[in-house]
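Scroll down for the structure; my scribbles are underneath it.
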Amino acid sequence: MTGRERAQAFCDRFGLRMPVLQAPMAGSSPVELAVAVAEAGGMGARGALQDSPDRIAAWAAEFHARSSGPLQLNVWIPETARDDQEDRTRRTSAARAFLGRFGPPGEPVTTRRPAFDEQCEALLRARPTVISSIMGLFAPEYVRRLHARDIAWFACATTLDEALAAQEAGADAIVAQGMEAGGHRGTFRQDAAEHTDVGLFALLPWFADHLRVPIVAAGGIADGRGLAAALTLGADAVQVGTALLRCPETATPPEWAAALTGLAPDATVTTRAYTGRLARAASTPYVEAWSRPGAPSPAPFPEQLELTAQWRRGTNEVDPANHWAGQSAALATDEPAGDVLTRMWRDASNLIT
């Protein structure tokens, strides 16, 4: 099939009018953005990493009350700890001491992180179009329950081995995440994330030649040219995140939104400074400090995430928000999300066959 034919088949299957999905950005996926994307003909999304079951239910209910469009809910797969507790404690202590250079901390984070199993049950009850995973695979029994409710499973993959494992496990589509993507890298082995850095346009034909299920391209796509190129190289749809961060519906903090304006591709970096897991962000003095000679490694996830949150409660020079940014951040505009997506698909349609 041609790129246009694949895109149409994908849209028909998942109830879309354009082959564009909102990236499920944890902390940057308010209902307003998801509704705007869905009403424009794409698929809205929510990153539920930090959401309690009650929050998942309330968010999904509000979305469904405002839109009948398709919805994706996303959760991280917990990683089996590979380092011992003594090493984690040592690394966390070193990171805590280093953070003291930025100023005094606030109160420690005492809120219990949502339990993964409880989140998964809440996702099923919310009955979205898609439940997606990143950084691993769902258990077989959960996949069976998900499919029994006519919910599709989209699995993020950064290598062909990961994609094939997801396909074998029952994934209905693979989100091919290139190293250009803003935010967290979706590798199954987080200790190998720095070495899993394949560009999207090398990844797409490699996946297309080996996979049976549809492919959703993610990473560095922010306009019609990128969408058309992704479809030409074998994708069935695309997923965009950074392209929507400056839209009014996203309500991105002003300092972060300003950092995206005119941001050159080489001005983004990968860092563990915010959460302990590797992610692409705009370079800031805070991020740069962690890569200087003599700086310790950030604490593991979730300890680094909790330390960052604690320091943000104090008066110091820690970035007040994570400045996540893909390599095409300069293409993001401050237009309404629906206008961004409509133009993206119109321009791509003029380029693809």
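Rule-based calculations on the coordinates, nothing more; no lab input. What you see is a predicted model; the values in this text were computed from it and never measured. Please note: Cβ atoms are built from the backbone with ideal geometry, for glycine as well, and neighbour counts cover all protein chains shown.
Restricting to bridges with both residues inside the chain, how much of the DSSP beta-bridge set is antiparallel, in percent to the nearest 5?
20 percent
Let's see if you can work this out: charge +1 on each Lys and Arg Cβ, -1 on each Asp and Glu Cβ, no other charges. What is the dipole magnitude of region 3-349 about its Cα centre, in debye to the nearest 20? Display every interim value, and only then the final one.
Values: 33 positive and 41 negative charges, 42 e Å.
Result for region 3-349 is approximately 200 debye, rounded to the nearest 20.
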Consider all pairwise Cα distances in region 48-179 and report the whole-number % of them above 18 Å. 64 percent
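Compute the relative contact order of region 248-353 as a whole-number percentage, counting only Cα pairs closer than 8 Å that sit 6 or more residues apart in sequence.
Working: 117 pairs, mean separation 37.3, N = 106.
35 percent.
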Based on the alpha carbon coordinates of region 113-152, what radius of gyration and maximum Cα-Cα distance (Dmax) apply, in Å? 9.8, 29
With θ set to phi - 60°, apply the Karplus curve 6.51 cos²θ - 1.76 cosθ + 1.60 along region 37-49 and write out the HN-Hα couplings as whole Hz, x wherever there is a Gly or Pro. 5, 5, 5, 7, x, x, 10, x, 7, 9, x, 9, 3
In degrees rounded to 10, the 0-90 angle between helix 116-126 Cα long axis and the longest Cα principal axis of the chain is 30 degrees
Computed on Cα atoms, Rg of region 278-336 relative to 2.2 N^0.38 Å comes out at 1.31
In the Gaussian network model of the chain, springs joining C-alpha atoms below 10 Å, which of Ala97, Ala60, Ala222 carries the largest mean-square fluctuation? Ala97
Specify which residue in the list Thr261, Val238, Thr284 is farthest towards the positive end of the charge dipole of region 217-293, using unit charges on the beta carbon of Lys, Arg (+1) and Asp, Glu (-1), about the Cα centre. Thr284
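Pop out the Kirkwood hydrodynamic radius of region 229-278 from its pairwise C-alpha distances, inverse of mean 1/r, in Å to one decimal. Mind showing how you got there, number by number?
On the way: mean 1/r = 0.0743 Å⁻¹.
It works out to 13.5 Å.
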Take the chain, compute every pairwise Cα distance, and split them into 10 Å bins from 0; I just need the percent in each bin. 6, 26, 36, 24, 8, 1
Counting only the backbone N, which residues of region 4-23 are under 19 Å from the spot 7 Å out from the Cα of Arg343 toward its beta-carbon? 18-23
